[in-house]
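Below: one structure, written as structure tokens.
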Amino acid sequence: MSHFKFYAGVFLVTSSTLMLQLIETRILSVISWYHLAFFAISMAMFGLTAGSVWIYLKSDQYTQKTMSYDLAYFSAAFAITTVLSLGMQLVLTLTVTFSITGIIVWVLLAVFMAVPYFFSGVTISLALTRGPYPIGRVYGVDLVGAAVGCLGVLFLLNFTDGPSAVIWVGAIAAAGAWFFAGSGIGAPPEAKPPWASLLQNQGRIFILLALLAIGNGLTPYGLQPILVKDRVEGRSSSVVEKWNSFSRVTIFKDSRMEAPQIWGPSPKLPPGLVVERKYMEIDGFASTSMYRFRGDVAEASYFKYDVTNLGYFLPNQKRAAIIGVGGGRDILSAWVFGLRDITGIEINPAFIHLLTAEPEFTEFAGLAQLNSVRLIVDEARNWFARTPETFDIIQMTLTDTEAATGAGAFTLSENGLYTVEAWKLFLSRLTTTGVFTVSRWYAPGQVNETGRIISLAVATLLDLGVKEPNRHIFVASAKNIATLLLSPVPFSTKDIETLEKTTAAYQYQVIISPYSQPQSEVLQAIFKGKSLKELEHYVQGFELDLKPPSDDRPFFFNQLPFYRPVEVFKMLLHQTPSGVMRGNLMAAATLLTILIVSLGLVFITIVIPLRPAIKDVGSRLVITGTSYFFLIGIGFMTVEVGLLQRMSVFLGHPIYSLSVVLFSLILTTGLGSLISDRFPLDSRFKFIIWSVLTAVYLITLPYWLSELLLAYDHANLLERCALCVAIIIPAGLFMGFGFPTGMRLVSVVDPNPTPWFWGINGIAGVLAASTTVAISIAWGINCALVIGGLCYALLIPAALGIGFREKAGDVAAT
């Protein structure tokens, strides 16, 4: 037997499993929407649990006599189905219509996504439960592989495109199969399983998939998305694609002569204006443009007719900071208004690379030749926290597009740029007469996003101690765009006269001015609040959720009142809105559909097959054991998703949060599980102490976590990642004791129902992944963390119900 080849196989399979999970979140963001990261996590857990159930049901068939063959066979199946699953995902039309057809589509997606994880789950279960090596050592290699996969995905996504990265994952899994085949444990079975002749050629599978991954990354006509955001996407050599861990940027090489992209055009915009621009898309729908600029300001004077640039008409504008550079449109706008000290902060390096390092696009945009323009690759909030610089104007114009917002792209996603804490930071980086300008979508006659940003602006000012917020706010609109001007000091009489004169000259509509009462009753109510508590009270009763977002509840793009679930359900059934609310309802329908699909799948594939495991088992053990493992499944996943959401705001992007949080939780919960072997909770006293400590740590997190993260908002990315790991270590170590302890308690009473409890734990995790998103949106991320802590506290009566008896042998940590 070869120890090295066995452990290498375990390492490569677990590493590729975690990489697949994270890469699929990125691909789903392209073909569907950003909030489906939790769905990828849920389906991975479902597939892995189903694989473990399969091993239980076939326990007599898989033994050490055929160990190497079986491990190689299922690892090769994992490798091949990874690529096949990708192909099926890319051709499905992911409708977000709440209907039978929509449910069928999501069932198909769930099945296709879960199949590779099923084979991975079979492989990992075999290695842990049937292998000849110490389970602690095998489990340790399993954890290291998974942790490396969490970090390795960042390299892979910056090395190649998303679909090619998945194929590379398949190749890595095939390499694991090759190592397993040479580990020399047992002999091949006499009766070969289906497709044995194909799957036994692991070396050839690896070479084939590696070549396919290389070739796929070199051509636009390979395995690439066709149906993107409910529309067919053509493939052409005239289109440049830039994939990375943040997004997929698509740039059309051929420029177009057409009307400029003016977000909020003034009626005074000269008719028939034609400019040359290149069209760009982010993740298949969010659009921006790159304009040809040769240095002549007159070429781009049309930007003066956009309401998003209203703030530049104020006097004494010298230094500008732009949040979100994109194709350079807002940089060019600041230049047109005469500013010669401009800083652009962009989190996605693909845009900065195009504007500064790709000759074809650099020469076209012309921004790299402007000496007083700085383009910085960084997360805007963190950059402002680190820099001591101040600016006369900070501009944040539409971090997404109308199409993306209308389709609900960001509805369930957290955003750290639209919270009270973030806006307080931005205001602190303004000069004494500076202004923060934000443009969002506006529907005349409706409040929607405009009401949300005004609520956010008022809350920010109130939190800063401002007594009269209306004197610091000016809002104007043009067509479907509203621009908010927010000042840390009251606008002067001269400023207001300038803004009102400008809005009159360009025929913009004034929505809010320090000199006039808002016409909307909703906006009037928002300004009535003299404290944050009063503001929350006034907006509580609105049909839509206009509460000011915070770092605890950073879901700016969602306006459905999830804290009134009955009303949301009625909206789903009866309303047919357009624009932003249409997207909100579509996203909510997706969440509900996924929950229904998850319930159906876990019932059919886990509950029904495992029912025999609790036959002839006492009702007390069934009830208390099921409660125990359901609670730790809910508790663990609620904490995991809550930490993912909270750290996404702190780290600046979901991919960082996914990698760092999963890496930390996998290592620390695994370590906690291994420590529980050495120091078992084998008495009531020890268990109660552990349960109380776990619950206390999780429940008290909300009381100090926010202040700690804000204190380190200025730290660099590596330091912030380290802080996240430090916060997660105690939680992971504590939670790692839960599962193996429960298995020990149950096994002493009766080992037969342990597969049932394993399945219940997996079911709880699958369901909690989606329900936690709704909880966080409704009541905040802190609420999700508290619920997780309460689940661990409730383990005490469940464990006491199971009972503490004489110790049996060690139970495998899982």
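The values are calculated or read from the model by the stated rules, or taken from the named source; none is laboratory data. Computed from a predicted model, the values in this text were never measured in an experiment. A quick note on method: Cβ atoms are made from the backbone with ideal geometry, for glycine too, and the neighbour counts reach across all protein chains shown. Areas reflect the complete protein model, heavy atoms only, side chains present, ligands, DNA and RNA absent. Shrake-Rupley method; radii C 1.70, N 1.55, O 1.52, S 1.80 Å.
Based on C-alpha pairs under 8 angstrom that are at least 6 apart in sequence, the chain has a relative contact order of 14 percent.
With a cut-off of 19 Å on the backbone N, the residues of the stretch 535-551 near the modelled label site 7 Å out from W779 along Cα-Cβ are 536-537, 540-541, 545-551.
The charge dipole of the chain, taken about its Cα centre with unit charges on the Cβ atoms of Lys, Arg (+1), Asp and Glu (-1) only, comes to about 700 debye. Were the residues from H537 through R292 laid out at 0.36 nm apart, the gain over their Cα-Cα distance would be 83.3 nm.
In the context of the full protein assembly, I655 retains an accessible surface of approximately 10 Å², using a probe radius of 1.4 Å and ignoring ligands and nucleic acids. The residue among T82, V748, T362 whose Cα reaches farthest toward the positive pole of the charge dipole of the chain, with charges on the beta-carbon of Lys, Arg, Asp and Glu, is V748. Net charge dipole, the stretch 591-708: roughly 280 debye, given to the nearest 20, about the Cα centre with Cβ charges of +1 for Lys and Arg and -1 for Asp and Glu.
Label-to-label distance, K501 versus L717, with points set 7 angstrom from Cα along the beta-carbon direction: 4.6 nm.
With loop membership from DSSP and a limit of 10 other Cβ atoms within 10 Å, the longest segment of the chain without GluC sites (Glu not before Pro) is 191-805. Taking a straight Cα-Cα cut-off under 13 Å and skipping sequence neighbours fewer than 8 places away in the same chain, the aspartates and glutamates within cross-link reach of K242 are D161, E281, D283, E358. Measuring between their Cα centroids, the stretch 635-668 and the stretch 283-335 lie 35 Å from each other. Rounded, prolate or oblate, given the Cα gyration tensor of the stretch 670-710, with a/c below 1.5 counting as rounded? In terms of gyration-tensor shape, oblate. What is the distance, in nm, between label points placed 7 Å from the Cα along the Cα-to-Cβ direction at F679 and at L273? My value for the distance between the label points is 6.9 nm.
Considering only L486, V274, A769, the residue lying farthest towards the positive end of the dipole of the chain is A769, judged by Cα position with unit charges set on Cβ. Of the chymotrypsin sites (Phe, Trp or Tyr not before Pro) found in the stretch 608-643, none is in coil by DSSP with at most 10 other Cβ atoms within 10 Å of its Cβ. Take the Cα coordinates of the stretch 688-781, assign each an equal point scatterer, and use the Debye formula without solvent to give log10 I(q)/I(0) at q = 0.21, 0.22, 0.24 Å⁻¹. Log10 I(q)/I(0), no solvent term: -1.21, -1.24, -1.27. Return the FRET efficiency for the residue pair L708, Y563: r is the Cβ-Cβ distance, R0 is 35 Å, and the value is rounded to the nearest 0.05. Here the calculated transfer efficiency is 0.85. Return the subset of K424/K494; K424/K533; K424/K547; K58/K615; K278/K318 for which the Cα-Cα distance in this structure is over 21 Å, preserving the input order. Long pairs (Cα-Cα over 21 Å): K424/K494; K278/K318. Of the listed values (i) 33.7; (ii) 35.8; (iii) 43.9, identify the label whose number matches mean projected area of the Cα convex hull in nm² calculated from this model. It is the value labelled (i). The slack between K528 and F155, meaning 0.36 nm per residue of separation minus the straight C-alpha distance, is 129.2 nm. Solvent exposure of the chain amounts to 37 Å² per residue of accessible area, where only protein heavy atoms count and the probe is 1.4 Å. Computing FRET efficiency as 1/(1 + (r/R0)^6) for K570 and S197, where r is the C-beta to C-beta distance and R0 is 56 Å, gives about 0.50. Projecting the Cα atoms of T17, A110, W690 onto the dipole axis of the chain, where Lys and Arg carry +1 and Asp and Glu carry -1 at the beta carbon, places W690 farthest toward the positive end.
Roughly speaking, to the nearest percent, how much of the chain's 1.4 Å accessible area is carbon and sulfur? In the chain, the share of accessible area belonging to carbon and sulfur is 62 percent.
The length gained on full extension between V91 and N316, counted as 0.36 nm times the residue separation minus their Cα-Cα distance, comes to 75.6 nm. With helices as the sole contributors, the chain gives -18500 deg cm²/dmol at 222 nm; each DSSP H run of n ≥ 4 counts as -39500 (n - 2.57), and the sum is divided by every residue. Considering every alpha-carbon pair of the stretch 286-353, the percent of pairs per 10 Å bin, from zero through the bin containing the longest distance, is 19, 55, 25, 1.
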